[in-house]
Amino acid sequence: MDAMDRKILTELQMDGRLTVTELAARVGLSVSPCHRRVRDLEREKAIRGYRAIVDPSAVGLDFEALVFATLRWEDCDTVDAFEKAVTAIPHVIQAQRLFGEPDYLLRVATADLTAYQRLYDEQLAKLPGVQRLTSTLVMKNVVQDRPLPE
């Protein structure tokens with residue numbers, strides 16, 4: 001991957017709906033080489049896909065919490081069961097396995113505190129292998145959906 005590929009990736013991260021013609025003009029290439037590079041980046045999985053970034057408030061998800069999960073055991077069966085169960089909860093919009101403690105960081109979006117409490121009691125607290133859950137409420141998103149640096 002060279003500097004031109006990185007320019008292309010930066011532009012597409014900022015606006016994934018650019019036409020190849022618009023993208024080529026922004027990065028200083030003619031259309032054919034630009035199109036070829038985009039196809040190569042897609043084929044190499046540097047570009048994993050294209051999607052709309054939806055404002056959570058516009059769809060009634062005004063409440064966000066970060067949930068730290070510590071597992072009782074970290075054997076393969078427990079980890080697999082926990083990860084499968086987390087994947088099945090639509091309100092968990094991001095889940096990351098961490099080194100050290102806690103074991104996982106979950107980003108959860110709900111309509112409000114009451115909906116979060118219900119989700120916590122009915123699903124999160126019942127996740128397989130959980131020893132402890134700790135929640136932190138998001139006051140404000142300062143940096144969000146930032147393109148990866150070049």
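The values are calculated or read from the model by the stated rules, or taken from the named source; none is laboratory data. These numbers come from a predicted model, not from an experiment. Note that we place each Cβ from the backbone using ideal geometry, even for glycine, and neighbour counts take in every protein chain shown. Ligands, DNA and RNA are excluded from the accessible area calculation, which covers all protein heavy atoms including side chains. Shrake-Rupley method; radii C 1.70, N 1.55, O 1.52, S 1.80 Å.
Scanning the range 128-150 for residues that are loosely packed, with under 11 Cβ neighbours inside 10 Å, charged (D, E, K, R) and over 18 Å from the mean Cα position of the chain (by Cα) yields a single hit, Glu150. When the range 1-52 is examined, which residues are found to be within 25 Å of the chain's Cα centre (by Cα), part of a loop (DSSP other than H, G, I, E, B) and among the hydrophobic types (A, V, I, L, M, F, W, C)? Listed by number, the residues that qualify are Met1, Leu18, Ala46, Ile47, Ala52. A count restricted to the range 100-110 and to residues that are among the small types (Gly, Ala, Ser) and under 19 Å from the mean Cα position of the chain (by Cα) stands at 1. When the range 36-83 is examined, which residues are found to be among the aromatic types (Phe, Trp, Tyr) and modelled with pLDDT of 95 or more? Passing the criteria: Phe63, Phe68, Phe82.
Filter the range 48-96 down to the residues that are among the aromatic types (Phe, Trp, Tyr), in contact with a Leu (Cβ under 7 Å, 6 or more places away or on another chain) and more than 16 Å from Arg132 (Cβ to Cβ) and list them by number.
Filtering the range 48-96 for residues among the aromatic types (Phe, Trp, Tyr) gives 50, 63, 68, 73, 82.
This time we only want the ones that are in contact with a Leu (Cβ under 7 Å, 6 or more places away or on another chain), so: 63, 68, 82.
Once the filter is applied, which keeps residues that are among the aromatic types (Phe, Trp, Tyr), in contact with a Leu (Cβ under 7 Å, 6 or more places away or on another chain) and more than 16 Å from Arg132 (Cβ to Cβ), the range 48-96 yields only Phe63.
Every residue, every condition in (1) open to solvent by less than 70 Å² (accessible area, probe 1.4 Å); (2) touching a residue at least 60 places away in the same chain (Cβ under 8 Å); (3) among the β-branched types (Val, Ile, Thr); (4) on the phi > 0 side of the Ramachandran plot, yes or no:
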site: Val27; (1), (2), (3), (4): yes, no, yes, no
site: His35; (1), (2), (3), (4): no, no, no, no
site: Arg43; (1), (2), (3), (4): no, no, no, no
site: Leu66; (1), (2), (3), (4): yes, yes, no, no
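Looking only at residues of the range 100-122 that are open to solvent by 80 Å² or more (accessible area, probe 1.4 Å) and at pLDDT 95 or above, we find that the one that is nearest to Asp15 (Cα to Cα) is Leu113. Ala58 fulfils the conditions (1) surrounded by 13 or more Cβ atoms within 10 Å (Cβ to Cβ); (2) not in a strand (DSSP E or B) except for a single criterion, (1).
Among (1) within 26 Å of Asn141 (Cα to Cα); (2) touching a residue at least 40 places away in the same chain (Cβ under 8 Å); (3) of a type in the set (S, T, N, Q), there is one condition Ser57 misses while meeting the rest; what is its number? The number of the failed condition is (2).
Residue-level analysis places Ala125 outside the set of residues that are open to solvent by 70 Å² or more (accessible area, probe 1.4 Å) and among the small types (Gly, Ala, Ser).
On the basis of being more than 22 Å from Val54 (Cα to Cα) and touching a helix residue (DSSP H, G or I) at 6+ places or on another chain (Cβ under 8 Å), does Tyr120 make the cut? Outline the logic, then answer.
Values: more than 22 Å from Val54 (Cα to Cα): yes; touching a helix residue (DSSP H, G or I) at 6+ places or on another chain (Cβ under 8 Å): no.
When the stated conditions are applied, Tyr120 does not pass them.
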